[in-house]
Amino acid sequence: MVPQRMKWIFWDVDFGKIDLEAHADGIMARVLERGRLEDVRWLIDRYGMERIHDFFRRVWSPEVTDRTRGFWRAVFGAKEEQWAEPPAWRRSSSRLWVE
């Protein structure tokens, strides 16, 4: 169960229905981006550093900023490592509407 003190991070979902395994990627994205130090410590205790590292390799989440990705790249010493990237449609055009 996600600690009650972190309910504010998940303000837009039914907090009682969060499943630690089924929603792990979403939990990691939100806590790594918005969480306080104690929240990140909980995340590390719950999922471990290797699983968090794997999250960045597999998942590109719009909730995680480039700044946060850069911080975790430094933490993992993963400057040259291939991490998940946004889908092509997010990178291909700055236009609001694609025709």
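Computed from the coordinates by the stated procedures, all read-outs in this text should not be read as laboratory data. Predicted, not measured: the structure shown is a model, and the values here were computed from it. Note that each Cβ is placed from the backbone with ideal geometry, even for glycine, and that neighbours are counted across all protein chains shown.
Sequentially through region 40-46, phi angles give Karplus couplings (6.51, -1.76, 1.60; θ = phi - 60°) of 5, 4, 4, 4, 5, 4, 6 Hz, Gly and Pro residues having no value and appearing as x. Relative contact order of the chain: 24 percent, from C-alpha pairs under 8 Å at least 6 residues apart in sequence.
The calculated 222 nm mean residue ellipticity attributable to helices in the chain amounts to -13500 deg cm²/dmol, summing -39500 (n - 2.57) over DSSP H runs of n ≥ 4 and dividing by all residues. Tell me whether the chain comes out rounded, prolate or oblate; compute the Cα gyration tensor, take square roots of the eigenvalues as a ≥ b ≥ c, and use a/c under 1.5 as the rounded threshold. Oblate, since a/c reaches 1.5 and b/c is not below a/b. The GluC sites (Glu not before Pro) of region 52-82 that DSSP puts in a loop, and whose beta carbon has at most 11 other beta carbons within 10 Å, are 80, 81.
Order of 28, 6 from fewest to most other C-beta atoms within 10 Å?
Lowest to highest Cβ neighbour count: 6, 28.
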